1. Looking only at segment 57-77, filter to residues that are within 12 Å of the chain's Cα centre (by Cα) and not hydroxyl-bearing (Ser, Thr, Tyr); which one of those is farthest from residue 168 (Cα to Cα)?
2. From the list 178, 131, pick out the single residue that is surrounded by fewer than 17 Cβ atoms within 10 Å (Cβ to Cβ), modelled with pLDDT under 90 and hydrophobic (A, V, I, L, M, F, W, C).
3. Search segment 44-61 for residues that are closer than 10 Å to residue 209 by Cβ and pair each with any residue that is open to solvent by 20 Å² or more (accessible area, probe 1.4 Å) and among the acidic types (Asp, Glu) when their beta-carbon atoms are under 9 Å apart and the residues are at least 6 apart or on different chains.
4. In segment 32-47, what count of residues is obtained for those that are at pLDDT 75 or above and crowded, with 16+ Cβ neighbours inside 10 Å?
5. Please indicate, with yes or no, whether at least one residue in segment 183-195 is in a helix (DSSP H, G or I) and exposed (fewer than 13 other Cβ atoms within 10 Å of the Cβ).
6. What do you reckon, is residue 162 in a helix (DSSP H, G or I), modelled with pLDDT of 80 or more and open to solvent by 40 Å² or more (accessible area, probe 1.4 Å)?
7. Working carefully through the options 98, 21, find the one that is modelled with pLDDT of 80 or more and outside any helix (DSSP H, G or I).
8. Modelled with pLDDT of 80 or more, surrounded by 17 or more Cβ atoms within 10 Å (Cβ to Cβ) and in a helix (DSSP H, G or I) - does that describe any residue in segment 226-237?
Amino acid sequence: MKSLAKCIIRSIYKPIEENFIWFLFIYVSGAFCNLLFAWNGSRAIGFFQLFLDLYIIVAIGSLLPVKIWNITKPCLSAFFYTICTIDLFCWFRLSSPISPTLLTTFLQTNSDEAQEALISYIDYSTILKLLPIIILPVLHSISSCSKQVKSYLSNLKDKLFSINTYATPFLLTMALALCLKNEIYLFYRIGLGYSEKETYIANNIEPSVRFYTPVHRFLNAIIELDKNQRTLEQLHA
């Protein structure tokens, strides 16, 4: 019975073990963004939900063919770091993260206006504030390519193996207990494109966090923009 329990716990931890470097850097980046400001929710809940979301991604990734997953991971990293940088830049300079309004305004400007605005907004203070989210992808790339850094992180992973192995089921249980309704909310809002009202009618739940990462805010902005565009097309028709 004990050996079966150990086998189950070990299998739960395996997706993180196989993607330790990727999971570590993406989690730290997401946690950094969440720590700076809690958008529509609690920071503490956001940390648990980030863990749950990343675990789902690496669990799905571990089921894919190795070659496909090895190509997908850097693409996801580049997308995540880019959106995080843009989101924090908007927050520091415009006092608002990525939103449908900001995205609409950006799409209505031409290249000259966008370049002029970008130059006027970039200064040393903003760059210093963005430095952590700029350095993290660099460190991530070095960690993925450098044999010495890989070896160091591998040793660190081995030293923390017993802790992580048993901590993962506990953290997942906590995350599911705290964030299940938030995941349902995000599925309806982003996955199905429901409005806030439609989501509430369908589930009758009030999430404790909404779009807690830059990626969620970006996807929501695109969905809202698309819905507005379709509404305008219907009105024109």
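The values are calculated or read from the model by the stated rules, or taken from the named source; none is laboratory data. None of the values given here were measured: they were computed from a predicted structure. Every residue, glycine as well, gets a Cβ built from its backbone with ideal geometry; the counts of neighbours run over all protein chains shown. With ligands, DNA and RNA removed, areas are computed over all heavy atoms of the protein, side chains included. Shrake-Rupley method; radii C 1.70, N 1.55, O 1.52, S 1.80 Å.
1. 76
2. Exactly one of 178, 131 is surrounded by fewer than 17 Cβ atoms within 10 Å (Cβ to Cβ), modelled with pLDDT under 90 and hydrophobic (A, V, I, L, M, F, W, C), namely 131.
3. Final answer for the pair search is 49/183.
4. Residues meeting the conditions: 6.
5. Yes, because at least one residue in segment 183-195 is in a helix (DSSP H, G or I) and exposed (fewer than 13 other Cβ atoms within 10 Å of the Cβ).
6. no
7. Sole residue among the options that is modelled with pLDDT of 80 or more and outside any helix (DSSP H, G or I): 98.
8. Scanning segment 226-237 turns up no residue that is modelled with pLDDT of 80 or more, surrounded by 17 or more Cβ atoms within 10 Å (Cβ to Cβ) and in a helix (DSSP H, G or I).
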